[in-house]
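Bear in mind that the values in this text are calculations on the coordinates, not laboratory data. Because the structure is a prediction, the values reported are computed rather than measured. When we count neighbours, we look across all protein chains shown, and the Cβ atoms used for this are built from the backbone with ideal geometry, even at glycine.
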Amino acid sequence: MHNPSEKIRIVITGPESTGKTTLAQQLAETFGGRYIPEYAREYVEHLGHHYTFEDVETIALKQIEQYHQTQQSQEHFFFFDTWLIITKVWFRWVYNMVPEWLENEIKLCPVDLFLLCRPDLPWEADQVRENGGENRIKLYNEYLEQLRNYGFNFVEIGGNGEERLENAISAIRNFSGQA
């Protein structure tokens, strides 16, 4: 149970096309919190070329900046549409290496709860998504492994539409002690 005056940072994570953005927005609205958008999507959509290792570093640095901005905010709940865990897995998946500084930043930016979205929604391709099919399951397992390795608080979230939202709301209420 959390002190009501403390900030609660919740990260919505998981493979592509698992409803992270929709869920993060819905939860921010439900709990009167702040939605922190996925910077990677915005950044990659406007690149004009295929992303590089340095681009992924830029994305990670922006995620860290977004995190630190929550410290000055008056809101109680923050809902991050992805975070450094996704970026770490992305580095490993695409480049088979992770910048040394990233590990330290993950530890310096504590998150209260992760909601790991299961790949149980239909895949929807778009200009940024790269990993449908079998890769979604492999990536889901990577995120699960990372969350376990760090010992982070997390809940797996599945279901379609309203069921998915209700599962997430229930997980947050159980975590935060809200009835």
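Rounded to the nearest 20, the Cβ-based charge dipole of the chain about its Cα centre (Lys and Arg +1, Asp and Glu -1) stands at 400 debye.
If the Kirkwood radius is taken over C-alpha pairs of the chain, then at 20 °C and 1.002 mPa s the Stokes-Einstein diffusion coefficient equals 129 µm²/s.
Counting charges near Arg92 (Lys, Arg +1; Asp, Glu -1) among other residues having Cβ under 13 Å from its Cβ returns a value of -1. Each of Ser73 and Leu47 was given a label point 7 Å from its Cα along the Cα-to-Cβ line. The distance between the two points is 2.6 nm. Between the alpha-carbon centres of segment 155-179 and segment 71-95 there is a gap of 19 Å. Say a paramagnetic label sat at a point 7 Å from the Cα of Thr21, along Cα to Cβ; which residues of segment 45-73 have their backbone N under 14 Å from it? Within reach of a label on Thr21: 45-46.
Shown for the chain are the DSSP H helices of 18 Å or more along their axis, judged by Cα atoms, with a mean Kyte-Doolittle hydropathy of at least -1.0: 53-69, 162-176.
Counted by neighbouring Cβ atoms within 10 Å, the residues Val94, Val89, Val11, Val111 run from fewest to most as Val94, Val89, Val111, Val11. Positive-end ranking of Thr18, Tyr51, Gln72 along the dipole of the chain, with charges on Cβ about the Cα centre, is headed by Gln72. For Lys138 and Glu166, a Förster radius of 30 Å and the Cβ-Cβ distance give a FRET efficiency of 0.60, rounded to the nearest 0.05. Each other residue within a Cβ distance under 13 Å of Leu144 adds +1 if Lys or Arg and -1 if Asp or Glu, for a net charge of +1. Net length available on complete extension from Trp93 to Asp55 is 12.2 nm, with 0.36 nm assigned per residue and the Cα-Cα distance removed.
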